[in-house]
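A quick write-up on the structure given underneath.
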Amino acid sequence: MNNSVSHTARLLGAGLRALLVLTLVTGVIYPLVVTGIAQGLFNDKANGSEITSAGKVVGSSLIGQQGYSLDYFQPRPANGLGENSVNTQYKLILSGATNLSADSKVLIKQVEDARAKVVKDNSVPGYTVRPSQVPADAVTSSGSGLDPDISPAYAELQAHRVAEKNHLSVAQVEKLVKNHTEGRTLGFMGEPRVNVLELNIALKDLVTKGD
């Protein structure tokens with residue numbers, strides 16, 4: 001009996017020690033090491049790829065925002081799984097696509113309405129946008145609905161409106177777009193792109209300097 005109790009006590013003690021050691025290693029030491037490496041080598045990414053303006057965090061370079069006025073460049077549509085009526089800066093509650101098929105009447109209507117709006121919004125005196133000029137990313141949402149980037153073609157299409165709204169020359173705005181156009185990742189992956197938030201911050205700075 002005493003041997004049985006003693007054996008059980010030893011097993012419980014060993015189990016408790018193993019629990020404490022594993023908790024210390026996996027719950028404290030390992031997270032601290034990984035966090036330290038991430039902060040040291042990938043500080044920007046580890047902290048959410050934050051974008052700052054005037055000393056304040058205004059968003060992430062990885063997440064697209066909605067709700068810009070027509071004074072600014074517009075992002076891709078955010079037709080996803082769910083909308084947040086409270087926070088319109090980040091419209092979607094969930095990331096995800098519409099899951100609508102290419103022949104869906106709902107999707108076709110969304111695209112047609114979006115194209116008509118792009119044509120209307122970006123046609124200004126002396127510059128009329130033709131429906132054939134509207135790129136695909138201007139009328140469709142991304143797979144996540146949170147794409148922070150637009151194509152250079154869509155950014156350039158908006159240049160005339162942005163220039164007129166902000167009393168800038170088209171050349172100034174087109175130069176801004178060119179300076180914020182990123183090439184393919186590693187030179188061959190993906191497509192050239194423009195981060196809308198970063199572009200709009202640069203636009204705001206340009207307008208402020210002109211005032």
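The values are calculated or read from the model by the stated rules, or taken from the named source; none is laboratory data. Predicted, not measured: the structure shown is a model, and the values here were computed from it. Glycine also receives a Cβ, built like all others from the backbone with ideal geometry; neighbour counts cover every protein chain displayed.
Residue-by-condition table, conditions (1) farther than 18 Å from Val196 by Cα; (2) hydrophobic (A, V, I, L, M, F, W, C):
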{"site": "Ser4", "(1), (2)": "yes, no"}
{"site": "Leu20", "(1), (2)": "yes, yes"}
{"site": "Leu32", "(1), (2)": "yes, yes"}
{"site": "Ser49", "(1), (2)": "no, no"}
{"site": "Thr52", "(1), (2)": "no, no"}
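Just checking, how many residues over the stretch 40-56 are farther than 17 Å from Ala202 by Cα and part of a strand (DSSP E or B)? Adding up the residues that qualify gives 0.
Gly96 - would you say it is over 18 Å from Ser61 (Cβ atoms), touching a Ser or Thr at 6+ places or on another chain (Cβ under 9 Å) and of a type in the set (Gly, Ala, Ser)? Let's see the steps before the verdict.
Working: over 18 Å from Ser61 (Cβ atoms): yes; touching a Ser or Thr at 6+ places or on another chain (Cβ under 9 Å): yes; of a type in the set (Gly, Ala, Ser): yes.
When the stated conditions are applied, Gly96 passes them.
How about the stretch 33-75: which of its residues are hydrophobic (A, V, I, L, M, F, W, C) and surrounded by fewer than 10 Cβ atoms within 10 Å (Cβ to Cβ)?
First pass over the stretch 33-75, keeping only residues hydrophobic (A, V, I, L, M, F, W, C): 33-34, 37-38, 41-42, 46, 51, 54, 57-58, 62-63, 70, 73.
Passing the criteria: Leu41, Ala54.
Among the candidates Leu197, Leu176, Leu168, the residue that is in contact with a Gly (Cβ under 8 Å, 6 or more places away or on another chain) and buried (at least 21 other Cβ atoms within 10 Å of the Cβ) is uniquely Leu197. Does any residue of the stretch 74-86 turn out to be at pLDDT 85 or above, closer than 12 Å to Asn200 by Cβ and in the same structural domain as Val170 (by TED's automatic domain parsing)? Scanning the stretch 74-86 turns up at least one residue that is at pLDDT 85 or above, closer than 12 Å to Asn200 by Cβ and in the same structural domain as Val170 (by TED's automatic domain parsing).
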